[in-house]
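Comments concern the structure below.
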Amino acid sequence: MTGFRALPSVDQVLLSPAGRALIDDHGRAAVTTALRARLDAARTAIKGGADGAVEAARLAGLLAADLAASAQSRLRPMLNLTGTVLHTNLGRAILADDAIAAASAAMAAPLALEFDLETGGRGQRDDHLRGLLCELTGAEDATIVNNNAAAVLIALNTFGQGRQAIVSRGELIEIGGAFRMPDIMARAGAHLVEVGTTNRTHPRDYQDAITPDTGLILKVHTSNYRIEGFTAEVAAPALSQIARKAGVVLLNDLGSGSLVDLGRWGLRREPTVAEAVAEGADLVTFSGDKLLGGPQAGFIVGRRDLIAQINKNPLKRALRLDKIRIAALEATLRLYRDPDRLAERLPVLRHLSRPQADIAAQAERLAPQVAALLPDYAVAATDCASQIGSGSLPTDTIPSAGLRITGAGGDAPDRLAARLRGLPRPVVGRIHDGALVLDLRTLDRDEDLLEALSA
Ligand SMILES: *Cc1c(COP(=O)(O)O)cnc(C)c1O
């Protein structure tokens, strides 16, 4: 039979055993909406000359596939095998077990967020983190906002609104995602005063620029690029003296800002927050979800009188953190009290510090098993290079190992990459030199990859 009459009615489908099973899984409203869309498409196809009986026979299968696809969250867990450990587009830091447990508990029950359990009076949400941050950085005081971009914004606004903010031309960075220092300054109401040149800035450049209208000097850690060759910058201790003499605030935006010396785990050092504080910056800003390994957050640590002024800024209320992240941050910061066990407990550090030999052994072990799951492709263990990511030490790579997967045809790596992105647990690698490379640095368990690929 051809024509529309071959198609069932909406009610016929909904009352059929297959329809009822779909309603059990997805709910009546979703099934009805998806069914109407499929019936419309089938009518259009029949008008175009398609066989109505064929369209009717395809209906149930298509409907089930539509509903399964729309029931799948795009935020489902995936495997980041790109080699970039802190991948901004993949959510940056994976949290520690303690942080996940603390966040879950904070979601499920009331907690003393702004409540003093001793007195029964009002408390402050930042208090849960302030003590730990001061302990770990040596700063007098601390305040916490939505992310480091917000930390820079509120600090600039508090001390630079309607005033001048001095920055070296070598530090007028763009972080990505439209975070450009000159634009943030403008939004904060500060007048940007650029000093020095792209490659060289001297103490006198800052000194000459200071006027009675100067509100602050901003030093920015150029985390995502490096200027090499004939260069000069004014180090923080010297800048601190210039700022102090002039009575203006020195703000050091560290970006990643580690709380520990990464050299201990064989990684290149990033300046630590404690060092930046000790070097005399009045305020230091850094991220919660970069090297620190926690959820998205921005910290400002430094002089108590200045932190008090920031906390009075009405922007603070707009930029504050929610209880879930405060709970996760508190648990993450606590791990730093025991640096000996930090690499075991903090996934970011565990991944960054994995020895290449360990990853290479994993690659040798997995290559034949992955090859068996991808019959159309050749799979070989390979050396590769990981990156920290999120703008930390961008020119440094960490020796790593992984799987190099090749197939017939020039578009084989792209086709395979698309297939792996479509898995129930998507797998993302990177395409390099005509192959799809899966960097195994961030693969904690072999089974995770094997199970993902088997699906
Ligand atoms: C990453 C970074 C920022 C922005 O931090 P977010 O946590 O992404 O908001 C600001 N300044 C510097 C130097 C950075 O590296």
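Exactly one of these conditions fails for Gly176: (1) out of contact with any Ser or Thr (no Cβ under 8 Å at 6 or more places or on another chain); (2) within 12 Å of the ligand (Cβ to nearest atom). Give me its number.
(1)
What number goes with the only condition from (1) more than 16 Å from the ligand (Cβ to nearest atom); (2) in contact (Cβ under 8 Å) with a residue 60 or more places away in the chain; (3) open to solvent by 10 Å² or more (accessible area, probe 1.4 Å) that Thr88 does not pass?
(1)
So the check is Cβ under 6 Å with 6+ separation or different chains; which pairs have a first residue in the range 307-320 that's touching a residue at least 24 places away in the same chain (Cβ under 8 Å) and a second one that's surrounded by 14 or more Cβ atoms within 10 Å (Cβ to Cβ) and in a loop (DSSP other than H, G, I, E, B)?
Going by the 6 Å Cβ cut-off, the qualifying pairs are Leu319/Asn146.
In this structure, does Ala93 turn out to be buried (at least 18 other Cβ atoms within 10 Å of the Cβ), within 16 Å of the ligand (Cβ to nearest atom), of a type in the set (Gly, Ala, Ser) and touching a residue at least 40 places away in the same chain (Cβ under 8 Å)?
Against the criterion (buried (at least 18 other Cβ atoms within 10 Å of the Cβ), within 16 Å of the ligand (Cβ to nearest atom), of a type in the set (Gly, Ala, Ser) and touching a residue at least 40 places away in the same chain (Cβ under 8 Å)), Ala93 qualifies.
Here is a check on your reading of the model: is Ala363 touching a Pro at 6+ places or on another chain (Cβ under 6 Å), touching a residue at least 40 places away in the same chain (Cβ under 8 Å) and surrounded by 23 or more Cβ atoms within 10 Å (Cβ to Cβ)?
Answer is no for this residue.
Step by step: first the residues of the range 60-85, then only those that are surrounded by fewer than 16 Cβ atoms within 10 Å (Cβ to Cβ) and among the hydroxyl-bearing types (Ser, Thr, Tyr), then the one that is nearest to the ligand (Cβ to nearest atom). Which residue is that?
Ser73
Determine if the range 221-240 includes at least one residue that is in a strand (DSSP E or B), modelled with pLDDT under 95, away from the ligand (no atom under 16 Å from the Cβ) and open to solvent by 10 Å² or more (accessible area, probe 1.4 Å).
Yes.
Taking the range 1-10 on its own, how many of its residues are open to solvent by 90 Å² or more (accessible area, probe 1.4 Å) and under 22 Å from Ser70 (Cα atoms)? Spell out how you get there, then give the answer.
Let us first name the residues in the range 1-10 that are open to solvent by 90 Å² or more (accessible area, probe 1.4 Å), namely 1-2, 4-5.
From what is left, the residues that are under 22 Å from Ser70 (Cα atoms) are none.
Going through the range 1-10 one residue at a time, the tally reaches 0.
Kindly indicate whether Thr201 is away from the ligand (no atom under 16 Å from the Cβ) and either assigned by TED's automatic domain parsing to the domain that holds Glu330 or out of contact with any Cys (no Cβ under 6 Å at 6 or more places or on another chain) (or both). If you could, list the steps in order and put the result at the bottom.
Working: away from the ligand (no atom under 16 Å from the Cβ): yes; either assigned by TED's automatic domain parsing to the domain that holds Glu330 or out of contact with any Cys (no Cβ under 6 Å at 6 or more places or on another chain) (or both): yes.
The answer is yes for Thr201.
Do any residues in the range 281-306 that are over 22 Å from Gln387 (Cα atoms) have Cβ atoms under 6 Å from those of residues that are open to solvent by less than 10 Å² (accessible area, probe 1.4 Å) and of a type in the set (Lys, Arg), where the two are at least six apart or on different chains, and which pairs are they?
none
Could you check the range 377-396 and list, in sequence order, the residues that are modelled with pLDDT of 90 or more and either outside the structural domain of Arg365 (by TED's automatic domain parsing) or under 26 Å from the mean Cα position of the chain (by Cα) (or both)?
Scanning the range 377-396 gives Asp383, Cys384, Ala385, Ser386, Gln387, Ile388.
Quick check, is Arg125 under 25 Å from the mean Cα position of the chain (by Cα) and not in a helix (DSSP H, G or I)?
So Arg125 passes the test.
Has the range 205-217 got at least one residue that is at pLDDT 95 or above, within 16 Å of the ligand (Cβ to nearest atom), assigned by TED's automatic domain parsing to the domain that holds Arg325 and surrounded by 14 or more Cβ atoms within 10 Å (Cβ to Cβ)?
Looking through the range 205-217, at least one residue is at pLDDT 95 or above, within 16 Å of the ligand (Cβ to nearest atom), assigned by TED's automatic domain parsing to the domain that holds Arg325 and surrounded by 14 or more Cβ atoms within 10 Å (Cβ to Cβ).
Say we look at the range 24-43 and pick out the residues that are open to solvent by less than 30 Å² (accessible area, probe 1.4 Å) and either among the aliphatic types (A, V, I, L, M) or not in a helix (DSSP H, G or I) (or both); which of these is farthest from Ala68 (Cα to Cα)?
Here the answer is Ala42.
Just checking: which of the strands (runs of 3 or more DSSP E) contained wholly in the range 134-197 hold 1 or more residues that are assigned by TED's automatic domain parsing to the domain that holds Ile324 and surrounded by fewer than 19 Cβ atoms within 10 Å (Cβ to Cβ)?
174-176, 191-195
Given the criterion farther than 26 Å from Ser223 by Cα and of a type in the set (Phe, Trp, Tyr), identify the matching residue among Tyr377, Tyr336.
The unique qualifying residue is Tyr377.
Which residue pairs have Cβ atoms under 8 Å apart, sit 6 or more places apart or on different chains, and have a first residue in the range 371-386 that is in contact (Cβ under 8 Å) with a residue 60 or more places away in the chain and a second that is in a loop (DSSP other than H, G, I, E, B) and open to solvent by less than 30 Å² (accessible area, probe 1.4 Å)?
Cys384/Gly83; Ala385/Gly83; Ser386/Gly83; Ser386/Val85
Quick one: Gln356 ticks every box in (1) open to solvent by less than 60 Å² (accessible area, probe 1.4 Å); (2) touching a strand residue (DSSP E or B) at 6+ places or on another chain (Cβ under 8 Å) bar one, so which box is it?
Tallying (1) open to solvent by less than 60 Å² (accessible area, probe 1.4 Å); (2) touching a strand residue (DSSP E or B) at 6+ places or on another chain (Cβ under 8 Å), Gln356 fails exactly one: (1).
The values are calculated or read from the model by the stated rules, or taken from the named source; none is laboratory data. Because the structure is a prediction, the values reported are computed rather than measured. Virtual Cβ from ideal backbone geometry, glycine too; neighbours counted across all protein chains shown. The area values use the complete protein model at the heavy-atom level, side chains included, leaving out ligands, DNA and RNA. Shrake-Rupley method; radii C 1.70, N 1.55, O 1.52, S 1.80 Å.
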